[in-house]
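Colleague: One structure follows; several queries about it will come next.
Readers should treat all values here as calculations from the given coordinates under stated rules, not as data from a laboratory. Fair warning: this is a prediction, and the values are worked out from it, not measured in the lab. Virtual Cβ from ideal backbone geometry, glycine too; neighbours counted across all protein chains shown.
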Amino acid sequence: MRVIVIGAGIGGLALAQALRSVPLRVLLAHGLDDAIRWGSEYVGHETHPDGTVTATFADGSADHGDLLVGADGATSRVATALAGRPTSSPVGIGGIAGRSPLTPEIRALLPDLLRIGSILAVGPGGTSIFITLQDTVPGPALDPALCVDVPAFPEPPVVYWGVNVALDRLPNARKMGAEAAVRAAGDLLRGWSPVVRKIVSGADPSSVGTFQYHTCDPDAHLTPWPSGTVTALGDAVHAMPPTGGRAAATAIRDADLLATHLADAAKGLTTIPLAVHEYERGPAAYAADAVRVSLKPIVWQRRLANPALGQLVRVATAIASPLTAAFR
Ligand SMILES: Cc1cc2nc3c(=O)[nH]c(=O)nc-3n(C[C@H](O)[C@H](O)[C@H](O)COP(=O)(O)OP(=O)(O)OC[C@H]3O[C@@H](n4cnc5c(N)ncnc54)[C@H](O)[C@@H]3O)c2cc1C
């Protein structure tokens, strides 16, 4: 069976790994060099009477297979072609994200909360910051027994951060270079804890980028097309802001589910369209809830962007929130 996966992001790589029975916990791109064609921009596809499908690319090339999977993210062309409309829309919030080296100095300043998990702190003006660690000190996040070909730590210890804000406060986001973006993030965090500001100002410029969040409508049918030999997964089907910490995991769940059903098709236990149909029932059952959870912090960000409500909540949060306290 030949499966064409459009998009080498989280979901696309997870599907490619799962089809090869490599544990998802190993680094997603490892060992896929022969399967990934970098720089090939999908522009369209055609299905044929014999059930096969041909994908065409911007450079004029084409690829022929038994199944085409659009893992091409929130603005997916594959899913848009299938649904006849975009499957997501911008939420009006985005921002600046990057990685900063986890130096001994930064490590000593971090609150204990960050050692338990990630933090999303929402502050005045509807600005929020997401912070998470990739730290070697507590031990590997991956089981070293699984890391026979790849290191358990793919990169030195870092702090990942993302400053989120209503995009009308970042009108030039798309044109910003990395250094301007770090400065803009610092401006947005004026008045925040010096620890947060220090983390952001120490960013590795090559890791910094701007982005905007999209969401699907969690109350709509997520795969509104007849099941066949073209489908989609991940953000292409159920875009959601990362504010619930569920977006990537849901893409990986899709990839695992689709690969499981395709394995049955490969054994002759079912057909590809039936396998796709079974897969498409999955996101319908679990993704809408993840989208709703992920949209809740966005609602709070919008409320806090309202100056009157923002002032009220600022006082209440300063008294009550352990997240605010963590960085005081
Ligand atoms: C700053 C930021 C922080 C995030 N943090 C988290 C987090 O902490 N937790 C979490 O769960 N989620 C997080 N997310 C969301 C998470 O990254 C996505 O949900 C996840 O990457 C979706 O995977 P995907 O494979 O569906 O799409 P993507 O990972 O977006 O991959 C899509 C791929 O398709 C490619 N592509 C697009 N169009 C075409 C085309 N026409 N032809 C060929 N290729 C194409 C793109 O270049 C990309 O490589 C974050 C997102 C951002 C922006």
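Colleague: If I take all pairs of Cα atoms in the range 23-125, what percentage of them are more than 16 Å from each other?
Modeller: On the way: 4010 of 5253 pairs.
Beyond 16 Å sits 76 percent of the P(r) for the range 23-125.
Colleague: Among 95-107, 201-213, 227-239, what's the highest-first ranking by average C-beta atoms within 10 angstrom per residue? Write out the running numbers ahead of the final one.
Modeller: On the way: 95-107: 18.5, 201-213: 16.9, 227-239: 27.4.
Put in order of decreasing packing, that is 227-239, 95-107, 201-213.
Colleague: Residue farthest toward the positive end of the dipole of the range 91-213, with Cβ of Lys/Arg at +1 and Asp/Glu at -1: which of L110, M176, S201?
Modeller: The one lying farthest along the dipole's positive direction is M176.
Colleague: If amide H atoms are built 1.01 Å from N in the plane of the peptide, which residues on other chains or at least 5 residues away come under 5 Å of the amide H of V43?
Modeller: Residues meeting the amide H criterion: T56, F57, A58.
Colleague: Now for a separate question. About the Cα centre of the range 91-213, what is the dipole size in debye to 20, counting +1 per Lys and Arg Cβ and -1 per Asp and Glu Cβ, all else neutral?
Modeller: 500 debye
Colleague: Using only the alpha carbons of the range 74-134, what is the convex hull's orientation-averaged projected area in square nanometres? Walk me through the intermediate numbers first.
Modeller: Values: hull surface 26.2 nm².
Seen from a random direction, the Cα hull of the range 74-134 projects 6.6 nm² on average.
Colleague: With a 10 Å radius around each residue's Cβ, average the other Cβ atoms per peptide and rank 71-81, 174-184, 40-50, highest first.
Modeller: Details: 71-81: 23.7, 174-184: 15.6, 40-50: 13.0.
Order by mean packing, descending: 71-81, 174-184, 40-50.
Colleague: In sequence order, what are the phi-derived ³J(HN,Hα) couplings for the range 97-113 according to the Karplus relation 6.51 cos²θ - 1.76 cosθ + 1.60 with θ = phi - 60°, rounded to whole Hz, with x for glycine and proline?
Modeller: Along the range 97-113, the couplings run 9, x, 10, 10, x, 8, 6, x, 5, 5, 4, 5, 8, 6, x, 4, 3 Hz.
Colleague: Using the Karplus curve 6.51 cos²θ - 1.76 cosθ + 1.60 with θ = phi - 60°, work out ³J(HN,Hα) for each residue of the range 35-44 in order, rounded to whole Hz, and write x for Gly and Pro.
Modeller: For the range 35-44, the Karplus-derived couplings read 9, 9, 10, 5, x, 8, 8, 5, 10, x Hz, x marking Gly and Pro.
Colleague: Another question, then. D for the range 91-213, whole µm²/s, Stokes-Einstein with Kirkwood Rh over alpha-carbon pairs at 25 °C and 0.890 mPa s: what number?
Modeller: On the way: Rh = 15.3 Å.
Roughly 161 µm²/s, to the nearest whole number.
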